[in-house]
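The structure under discussion appears below in the form of structure tokens.
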Amino acid sequence: MRPRGYSDAGQAFPIYITVVGGLLFLALAYFAVGQAAANRNSAQTAADAAALAAAQERRDQLADAWVRSLLDPTKWQGIFNGNTEGITPSCWRADQLATQNDAVVLSCLPDGLLGYTVVVETNDTVGESIIPGTEKMKSQEKATAVIEPRCEFELLTEEAGEEKLPLLTCKGREWKLDPEDSDELLPKPEDLFDVNLAD
């Protein structure tokens, strides 16, 4: 008869192997989940950057339109509302930023007059893992960026004189504009508009 200790050790070994194998499987599964989460984070970063870039490009065009209309304050409010002529599509900037973040734009659409919604897909896949199909799986994410006017003004009455421009107040800062002001003295795009990601 064999000693009892040897018998117990023989029975415990398969259990030990099973437990270790199970823990190894869980570790690999968690690693796969981590890979997928990292890939999604990369996609979201690319989407955020692309949407912001498109909105900032539109903001810059609106700011240029405001400068061109400086002497016609009746057009200012339309420009601050995003409604003006001569604005061209800004999705090319979204494409640039997505490329810089190793992704590609699947769709880029205006969100009203003062925003853009962009959907991107990563170029990289999640990678090989114990979960079948991850080696071909890519992540897609969406982001929306909005342009918010920062300025308020009141149109002057005719008695105020045609040469005088309204006082422009932008988030607490007052701009006393003069028709003779050079571009260096005028508000910059970031003074006129904020650009943020939508919640």
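The values are calculated or read from the model by the stated rules, or taken from the named source; none is laboratory data. The structure presented is a predicted model; accordingly, all values stated were derived computationally and were not measured. Ideal geometry is used to build each Cβ from the backbone, glycine not excepted, and the neighbour counts take in all protein chains shown.
Listing for the model above:
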read-out	value
Hits in the range 188-199 - residues which are part of a loop (DSSP other than H, G, I, E, B) and at pLDDT 95 or above	LYS188
Tally, over the range 169-196, of residues that are over 18 Å from LEU62 (Cα atoms) and under 18 Å from the mean Cα position of the chain (by Cα)	0
Residue in the range 116-126 that is outside any loop (DSSP other than H, G, I, E, B), over 17 Å from ARG93 (Cα atoms), among the acidic types (Asp, Glu) and modelled with pLDDT under 95 present	no
Any pair with Cβ under 8 angstrom, 6 or more apart, that starts in the range 146-164 at a residue that is more than 21 Å from LEU113 (Cβ to Cβ) and ends at one that is modelled with pLDDT under 95 and basic (Lys, Arg)	LEU156/LYS164
Boolean, GLY78 is surrounded by fewer than 18 Cβ atoms within 10 Å (Cβ to Cβ) and part of a loop (DSSP other than H, G, I, E, B)	no
Selection status of ALA54, at pLDDT 90 or above and crowded, with 19+ Cβ neighbours inside 10 Å	yes
Residues that are closer than 17 Å to ASP194 by Cα and surrounded by fewer than 19 Cβ atoms within 10 Å (Cβ to Cβ), drawn from the range 83-100	ASN83
